[in-house]
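What follows is calculated from the coordinates using simple rules that are stated; it is not laboratory data. Everything numeric here is computed off the predicted structure, so don't read it as measured data. Positions of Cβ are backbone-derived with ideal geometry, glycine not excepted, and every protein chain shown enters the neighbour counts.
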């Protein structure tokens, strides 16, 4: 009886370890760049640049997965997209008041930002910082500056 319990525990531990090794290994920067080069975004049906960026990042998030540090395309209705390495990265150019949407990826070498439309490398960001929180803080700061400018005018 004790042997069955020990074997069951060992099998469960091995399954959890296997799951961790398969899905949690981050891709390398070279793997990401190679994947983005081969899988460029088709933007013929979209009219504005902002929609193109959003659509491309959405497509990467819904149709890719990471298995053992390699990035693969997955079928449209597959559950494996939950292991995608691609995330939304929004930024705003305050000089021109334009928004841009890129994708950030945690790799073994760090957290990098890429243009999802053409696969161009944008830069590296701090891996301790949540990009969405930073973007929301930037938006709040912009709104506050606009409010202060409006109060000065009145």
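What the table shows:
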{"quantity": "Folded to 0 to 90 degrees: helix 29-38 orientation relative to the chain principal axis, Cα", "calculated": "70"}
{"quantity": "Rounded to 10°, Cα long-axis angle of helix 131-153 versus longest principal axis of the chain", "calculated": "20"}
{"quantity": "Exposure proxy ranking, count of Cβ atoms within 10 Å, fewest first, for 3, 29", "calculated": "3, 29"}
{"quantity": "Taking 122, 16 and counting other C-beta atoms within 10 Å, the order from fewest to most", "calculated": "16, 122"}
{"quantity": "Sorted by Cβ neighbour density within 10 Å, fewest at the top, the residues 12, 56", "calculated": "12, 56"}
{"quantity": "Helix 2-24 vs. the chain, principal-axis angle (Cα, 0 to 90°, nearest 10)", "calculated": "30"}
